[in-house]
Amino acid sequence: MFIPDARDSDPRMQFRQSLHALFDLLVRPDAFFERDGAWSLGRAFGVVLAVSAVTTAAVAAMGWLFTSNIDATVTVTTMEPWSDATCESFAEMNSTPEPCTIDEPQTKQVSVGAKVWSAFVGRLPFVFVASLLGWVLVAAALHAATWLLGGEGSFAGTLTVAGWAVVPTIVQAAFALVGFTLLVRGTAFSNDPEVLVQQLRTLSSSTGNAWAAVGGLVAGVWQAYIWTHGLAHARSLRVSDAAVAAGIVAVVTIALSLV
């Protein structure tokens, strides 16, 4: 998945090499960024796409957990009767519109959970796009911070470093999912739609619970560790200077994750 040796066609060997590359990225990033394949922007972008998909799936799981626990229904109007004046215009026609054949509004019961889930699914593409946009914005922040410290090198290099470093955000998504699961299981959902709306707002504002906070902190520090060694290579900086730039951006990203 990461950087297998193209000269080795043995799938098992390639898998072991990929695991070794992943281990280096997460534990020994300095060794990882000494690999030639580490500077492939295309591969880094592939990792960003994969992690964005995982993050979106985690958010979808949170939405499903919430909506599957809602047992309330609401009455919605499916058809209103038309006025006599409107229906008279169809008197000479062979067919009469159905709204002219009813005397009172027709209604049906709709599951609140199904409606919320439908709205939730419609927003999942924005979660995916936001993940991709976050990658670019973080890379821009890292590039600016290293520029202030005298860094040299292309933005593509910084973008590549930021791309590989999104892997630890899977930990953040996992912690957030666990925390949200515990919140949902500990909530007795009301059958009153108005109360449900308030409960949804409460759960939404609880994304900064202890589990999510720990996940954001772990992911932020881990990313800063990877950024430090990647930026030292990409921007021709001393590790100490790269650590300063990475630390500044990490503090901002961690703070934003807690909002």
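The values are calculated or read from the model by the stated rules, or taken from the named source; none is laboratory data. In this text the structure is predicted, and so the values were computed from the model without any measurement. Counting neighbours? That spans all protein chains shown, and the Cβs are built from the backbone with ideal geometry, glycine included. Ligands, DNA and RNA are excluded from the accessible area calculation, which covers all protein heavy atoms including side chains. Shrake-Rupley method; radii C 1.70, N 1.55, O 1.52, S 1.80 Å.
Structure data summary
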quantity: Any hit, segment 61-83, residues being among the polar types (S, T, N, Q), open to solvent by less than 60 Å² (accessible area, probe 1.4 Å) and in a strand (DSSP E or B); calculated: no
quantity: Filtered residue count, segment 52-108, keeping only those that are under 30 Å from THR181 (Cα atoms) and among the polar types (S, T, N, Q); calculated: 8
quantity: Evaluation of GLU92 against (1) in a helix (DSSP H, G or I); (2) exposed (fewer than 14 other Cβ atoms within 10 Å of the Cβ) (one fails), failing number; calculated: (1)
quantity: Given (1) at pLDDT below 90; (2) surrounded by fewer than 16 Cβ atoms within 10 Å (Cβ to Cβ); (3) β-branched (Val, Ile, Thr), index of the condition VAL27 fails; calculated: (1)
quantity: Any pair with Cβ under 8 angstrom, 6 or more apart, that starts in segment 235-258 at a residue that is within 17 Å of VAL214 (Cα to Cα) and ends at one that is open to solvent by 70 Å² or more (accessible area, probe 1.4 Å); calculated: ALA250/VAL221; ILE254/LEU217; ILE254/VAL221
quantity: Filter result for the condition that a residue is of a type in the set (Val, Ile, Thr), at pLDDT below 95 and closer than 22 Å to ASP71 by Cα, over THR253, THR181, THR207; calculated: THR181
quantity: Top-ranked residue in segment 37-60 [being without any contact (Cβ under 8 Å) to a residue 24 or more places away in the chain and open to solvent by 40 Å² or more (accessible area, probe 1.4 Å); ranked as farthest from PHE120 (Cα to Cα)]; calculated: GLY42
quantity: For GLY113: the one exception among (1) in a loop (DSSP other than H, G, I, E, B); (2) in contact with a Ser or Thr (Cβ under 8 Å, 6 or more places away or on another chain); (3) surrounded by 16 or more Cβ atoms within 10 Å (Cβ to Cβ); calculated: (1)
quantity: Helices (runs of 4 or more DSSP H) (entirely within segment 126-234) containing at least 3 residues that are closer than 25 Å to ALA58 by Cβ and either free of Cβ contacts under 8 Å to residues at least 60 places away in the same chain or open to solvent by 60 Å² or more (accessible area, probe 1.4 Å) (or both); calculated: 169-185, 193-205, 210-234
quantity: Test result for ASP10, under 30 Å from VAL167 (Cβ atoms) and in contact (Cβ under 8 Å) with a residue 24 or more places away in the chain; calculated: no
quantity: Scope segment 215-236; condition in contact with a Ser or Thr (Cβ under 6 Å, 6 or more places away or on another chain) and more than 18 Å from VAL167 (Cα to Cα); matching residues; calculated: ALA234, ARG235
quantity: Some residue of segment 9-16 being small (Gly, Ala, Ser), surrounded by fewer than 11 Cβ atoms within 10 Å (Cβ to Cβ) and either out of contact with any helix residue (DSSP H, G or I) (no Cβ under 8 Å at 6 or more places or on another chain) or assigned to a loop (DSSP other than H, G, I, E, B) (or both); calculated: yes
quantity: Residue within segment 96-106 that is open to solvent by 60 Å² or more (accessible area, probe 1.4 Å), in contact (Cβ under 8 Å) with a residue 12 or more places away in the chain, assigned to a strand (DSSP E or B) and among the charged types (D, E, K, R) present; calculated: no
